[in-house]
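In what follows, a single structure is set out as structure tokens and then discussed.
The values are calculated or read from the model by the stated rules, or taken from the named source; none is laboratory data. Keep in mind the model is a prediction, meaning the values are calculated, not measured. Virtual Cβ from ideal backbone geometry, glycine too; neighbours counted across all protein chains shown. Keep in mind that these areas ignore ligands, DNA and RNA; they rest on the heavy atoms of the full protein, side chains included. Shrake-Rupley method; radii C 1.70, N 1.55, O 1.52, S 1.80 Å.
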Amino acid sequence: MPKLSIRMPSFEGVAAGATATLRLPIGRTYERLKVAYSGVTLAQLKELRLVGNGKTIQRWVGAALLDVVNQFDGMAAAGGILTLNLVRHSLKTRVAIEETAIGTGIAPSKGFPVTLTTLQLEIDIDAAAAAPFLSCTALQSEPRPLALLKKVRTYNYSPAAAGEFEISDLPRGDLINRVFIKTAKMSGLRIERDNRVIFDRTKEENEQYQADGARKPQAGYFIYDPTEEGYGAEPMVTAGVQDLRFVLKMTDADNVQVTVEYIGPMER
């Protein structure tokens, strides 16, 4: 069946300094949301949250971060329209791309016991916005059960000086799809899993690998992406892992924002 591009209901509460809410109809499978915005800048869309059954599935600390992720995937920069991909963009097989589409309104399948009965998009609007207006269309496919989801979480760290800075407290269990590390003061990254090094690159090496593959490196970020060649079956496994360390090679002190894309089932 062909995919459908459907106009969504109106946002509620669209105003400067408020939280706009879009209640997404249940029934079909959601693959992509296109949010048109005017009277407000991209930077004034301060936080976006995708919430299902009252639980936050994705939390984006600013629309500008989401735009960086989209451009890393080879999509056009936002210019009045911001894309929220619920699938995994620019992989090599349709199955891998659509694996994380959000099925709604269908009885759960074996191994995925949750039915999604509510789904909404929340956007916090800066108080300085002039005259905000938001609307949304959704790319949808036929109904299917809720299975794996692309989850987004953000964490903050403050390396105090140049040298190696270890992050060892990222949640484990789900697959790690990508990690976006926002800092311009990082020369490289080493990842250790259960005392074995599984990744060790300089920033320059990492960006060349990604540019040679399916990605477009972004200024001001070090991005770890095990699917950089376009193969969707290569996220990092963290289930059963006892120790996981991201060792940032800092060139100076900085406040570092770490955004992790996980792949896993919906929590009950």
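Observations on the structure shown:
- Sulfur and carbon atoms: percent of accessible area, the chain [1.4 Å]: 51 percent
- Computing Kirkwood radius over Cα pairs in Å directly from the structure and comparing it against (1) 19.4; (2) 20.0; (3) 23.2 singles out (1).
- Computed Rg/Rh of segment 168-213, alpha carbon atoms with Kirkwood Rh: 0.97
- Potential lengthening between Ala128 and Glu47 on full extension [0.36 nm per residue; Cα-Cα distance subtracted]: 27.7 nm
- Per residue, the convex hull spanned by the Cα atoms of segment 83-182 measures out at 195 cubic angstrom.
- Radius of gyration and Dmax over the Cα atoms of segment 1-134, both given in Å: 15.3, 49
- ³J(HN,Hα) computed for each position of segment 126-143 - Karplus, 6.51 cos²θ - 1.76 cosθ + 1.60, integer Hz, glycine/proline x: 4, 5, 8, 4, 6, 8, x, 9, 10, 8, 8, 10, 10, 8, 10, 10, 4, x
- Options Leu116, Ala43, Gly74, ranked by Cα towards positive dipole end of the chain, top entry (Cβ charges): Leu116
- Accessible area per residue for the chain, computed on protein heavy atoms with a 1.4 Å probe, is 44 Å².
- Exceeding the 32 Å Cα-Cα cut-off - candidates Lys46/Lys249; Lys34/Lys249; Lys55/Lys203: Lys34/Lys249; Lys55/Lys203
- Cα long-axis angle, helix 203-212 against the chain (0 to 90 degrees, to the nearest 10): 50 degrees
- The chain - mean residue ellipticity at 222 nm from DSSP helices (-39,500 (n - 2.57) per run, n ≥ 4, rounded to 500): -2500 deg cm²/dmol
- Segment 236-268-segment 169-207 distance, computed between alpha-carbon centres (Å): 7 Å
- Point-charge dipole on Cβ atoms (K/R +1, D/E -1) for the chain, about Cα centre, debye to 20: 840 debye
- Efficiency of FRET from Cβ geometry, Thr93 and Val237, R₀ 25 Å, rounded to 0.05: 0.80
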